[in-house]
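Here it is: the structure, laid out below.
The values are calculated or read from the model by the stated rules, or taken from the named source; none is laboratory data. Just so it is clear, the structure is predicted and the values come from calculations on it, not from any experiment. Note that each Cβ is placed from the backbone with ideal geometry, even for glycine, and that neighbours are counted across all protein chains shown. SASA here: full protein model, heavy atoms, side chains in, ligands and nucleic acids out. Shrake-Rupley method; radii C 1.70, N 1.55, O 1.52, S 1.80 Å.
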Amino acid sequence: MEEDFKNHINKKLSILKDRKLLIALSGGIDSVVLAHLCHSLQLNFSLAHCNFNLREKESNKDEDFVLELADEFDVEIFIQNFDTEVYAKANKRSIQMAARELRYDWFKELATQLKFDYILTAHHADDNLETFLINFTRGTGLNGLTGIPMINDNIVRPLLPFSRNQIETFAKKEKINWREDSSNSSRKYLRNKLRHEVVPILKEINPQLLDSFQNTIDNLNDTAEIVEKSLNDFKKKVITKIDEYGISYKVSEFKNVKNPKAYLFECFKYYGFTEWNDVVDLLDAQSGKLVKSNSHRLIKHREHLILTNLGHAEQNEESLWIDENHSKVNTPLGILFFDEVDAIKKTSNHSIYVDKEKLKYPLELRLWKAGDVFQPLGMKGKKKVSKFLKDEKLSLVEKEHTWLLISNNEVVWVVGKRADDRFKVTPDTKGILRIKIEQTSE
């Protein structure tokens, strides 16, 4: 196996040579063998071990073992202790998912701070098959059936072509010691059930299962590349706008394809949506209808679907108060400028001129709410802000981002949209104040 591993590195993973590597070391056979193989090739690596404190004395013995291994290799080792159960409860995660998040977040933090080029994990061919089966049993799209990637950003899995049997044979032949994780024999977790009960039967049916599986994965990845190319071409047509409110998709483009549901799934699968029939129904829904995931919303607005982060709907509703001596104020919309001027110049949605003496301080800046009314510039009568926003054909997201500048409970400006007629400059005006909003680039 050592020679095969060397050839594999030379042919497929030459990027690891002369780079600073961090090996994720649990103490189990897979990661220990990976460390031995990297050491035999004289790669430049350090070790990182997570103590999840889930198996009492066993966890501490794992830590002692990896410390000894680091001494044997004469390499640096980093050890982090986690209170995994507390994290899982606080973040509503399963123990396995909590451990995974803690592990990878810490690895990436180490890589960033200490400038490791790549993080190496010991996933192998059997892990790949088990992941495929897990995704298959839970329901997934094409991407969920294309296996674990050998290289994913700065995560590299050098053992992916090798089977568990090859790894065990090598470890025993080289008299390599490792730690057994007692939880691996438990049928409590789906992966272990598949590993101990399902995969052996599949291998009995087909002794060359892993080879056949790899051929299938290769074929699926080839197909995924074709799909990705087609999808990228589709996105160029369907996406009409990307701005601070979200991403706008043209409804008609989805309706023009043979299977809208498939294209909707491919466009929005990474945003946590699960009720795909409801997403499809949005294509023919009235404006304002929406579907939510845990992190995003998909909103129907006239001829578009708007994808927005849920954070956009969680605006800070507290008012901002502005004194007369303020000439510049930072706001959620950008920077508000207040300048006294001698005459009116060019006006725009982002710049208005008002009669300074008509203002009563402090001014209030807040989000609009039901019942707000104002007198749009150029009109004699009053109008509800809600009706004005509807007439302007604003989307739900744009409405949620609408702020009012208020003086003594009267609207001075629907900010960025329309000034109020009651504060306009007249021939009798003695002092002109220009109020301007400038968006800040993030």
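Just to check I understand the Karplus step: with θ = phi - 60° and J = 6.51 cos²θ - 1.76 cosθ + 1.60, what whole-Hz values come out for the stretch 138-149, glycine and proline as x?
8, x, 7, x, 4, 4, x, 10, 9, x, 7, x
Further question: Under the Karplus relation 6.51 cos²θ - 1.76 cosθ + 1.60, θ = phi - 60°, what is the ordered set of whole-Hz ³J(HN,Hα) values for the stretch 161-172, x standing for Gly and Pro?
For the stretch 161-172, the Karplus-derived couplings read x, 9, 8, 4, 5, 4, 5, 5, 4, 4, 4, 5 Hz, x marking Gly and Pro.
Count the net charge of all other residues whose Cβ sits under 11 Å from the Cβ of residue 124, scoring Lys and Arg as +1 and Asp and Glu as -1.
Values: positive: 157, 164; negative: 30, 126, 127, 130, 168.
It works out to a net charge of -3.
Express in % the proportion of alpha carbon pairs of the stretch 302-424 at distances exceeding 22 Å. Display every interim value, and only then the final one.
Numbers: 2709 of 7503 pairs.
Beyond 22 Å sits 36 percent of the P(r) for the stretch 302-424.
A further question on this structure: So for the chain, what percent of the C-alpha to C-alpha distances run longer than 40 Å?
Tail of P(r) above 40 Å: 44 percent of Cα pairs.
Another question, then. Let me check I've understood the local charge: for residue 108, count other residues with C-beta under 15 angstrom from its C-beta, Lys and Arg +1, Asp and Glu -1. What total comes out? Please report the intermediate quantities before stating the final value.
Working: positive: 20, 100, 103, 115; negative: 101, 105, 109, 117, 153.
Computed value for this residue: -1.
Please express the Cα-Cα pair-distance distribution P(r) of the stretch 249-354 as a list of whole percents, one per 5 Å bin, running from 0 to the bin with the greatest distance.
For the stretch 249-354, the pair-distance distribution reads 2, 10, 16, 15, 11, 8, 8, 10, 9, 7, 4, 1, 0.
Enumerate the amide H contacts of residue 79 below 5 Å, restricted to partners 5 or more residues apart or on another chain; note that Pro and chain-start residues carry no placed amide H.
Amide H neighbours of residue 79: 49.
As a test of understanding, state the convex hull volume per residue of the stretch 295-368 from its alpha carbons, in Å³. Please report the intermediate quantities before stating the final value.
Details: hull volume 10.4 nm³, N = 74.
In the stretch 295-368, the Cα hull volume divided by residue count equals 141 Å³.
Students sometimes get this wrong: rank 226, 95 by accessible area, probe 1.4 Å, all chains present, largest first. All intermediate terms of the calculation are to be shown ahead of the outcome.
Values: 226 120, 95 55 Å².
The ordering from most to least exposed comes out as 226, 95.
Rounded to the nearest percent, how much of the accessible area of the chain (1.4 Å probe, protein heavy atoms only) is carbon and sulfur? All intermediate terms of the calculation are to be shown ahead of the outcome.
Working: 11590 of 25280 Å².
About 46 percent, which is the carbon plus sulfur part of the accessible surface.
So what are the three principal axis dimensions of the stretch 1-156 from its Cα atoms, in whole Å, longest to shortest?
42, 40, 28
Strictly over 26 Å apart at the Cα level, which of 57/89; 108/237; 292/369; 108/229; 57/115; 250/289 would you flag in this model? Could you put the intermediate results ahead of the total?
Working: 57/89 22 Å; 108/237 36 Å; 292/369 22 Å; 108/229 30 Å; 57/115 33 Å; 250/289 15 Å.
Pairs exceeding the cut-off: 108/237; 108/229; 57/115.
Another question, if that's okay. Which ³J(HN,Hα) values, rounded to whole Hz and listed in residue order, are derived for the stretch 233-250 from phi using the Karplus coefficients 6.51, -1.76 and 1.60 in 6.51 cos²θ - 1.76 cosθ + 1.60 with θ = phi - 60°, glycine and proline given as x?
Those phi angles translate into 5, 5, 4, 4, 8, 7, 7, 9, 7, 10, 9, 5, 8, x, 10, 9, 10, 7 Hz.
Related question: Once the stretch 148-284 is represented by equal point scatterers at the alpha-carbon sites, with solvent omitted, what log10 I(q)/I(0) does the Debye formula produce at q = 0.12, 0.15, 0.17 Å⁻¹?
-0.80, -1.00, -1.11
Next question, about the same structure. Could you quote the convex hull projected area for the stretch 100-217, Cα atoms only and averaged over all directions, in nm²? Display every interim value, and only then the final one.
Working: hull surface 36.3 nm².
Its average projected convex-hull area is 9.1 nm².
Sticking with the crude label model, points 7 Å out along Cα→Cβ, report the distance from residue 231 to residue 392 in nm, one decimal please.
Modelled inter-label distance: 3.6 nm.
Of the trypsin sites (Lys or Arg not before Pro) in the stretch 185-215, which ones lie in a loop per DSSP and count no more than 12 other C-beta atoms within 10 Å?
The qualifying sites are 187, 188.
For residue 179, list long-range residues whose amide hydrogen, built 1.01 Å from N in the peptide plane, is under 5 Å from its own amide hydrogen.
Correct list: 28, 29.
When the helices in the chain are scored as -39500 (n - 2.57) per DSSP H run of 4 or longer and the sum is shared across all residues, what 222 nm value do you end up with, to the nearest 500 deg cm²/dmol? Walk me through the numbers before you get to the answer.
Details: 15 runs with 165 residues, N = 442.
Value at 222 nm, helices only, nearest 500: -11500 deg cm²/dmol.
While we're on this one: What do you get for the angle between helix 57-73 and the principal long axis of the chain? Use alpha-carbon atoms, 0 to 90 degrees, nearest ten.
Roughly 80 degrees between the two axes.
Return the loop-located GluC sites (Glu not before Pro) in the stretch 360-418 (DSSP other than H, G, I, E, B) with at most 16 other Cβ atoms within 10 Å of their own Cβ; answer none if there are none. Don't skip to the end; give the middle numbers.
Values: sites: 364, 392, 398, 400, 410; in loops: 392.
Answer by residue number: 392.
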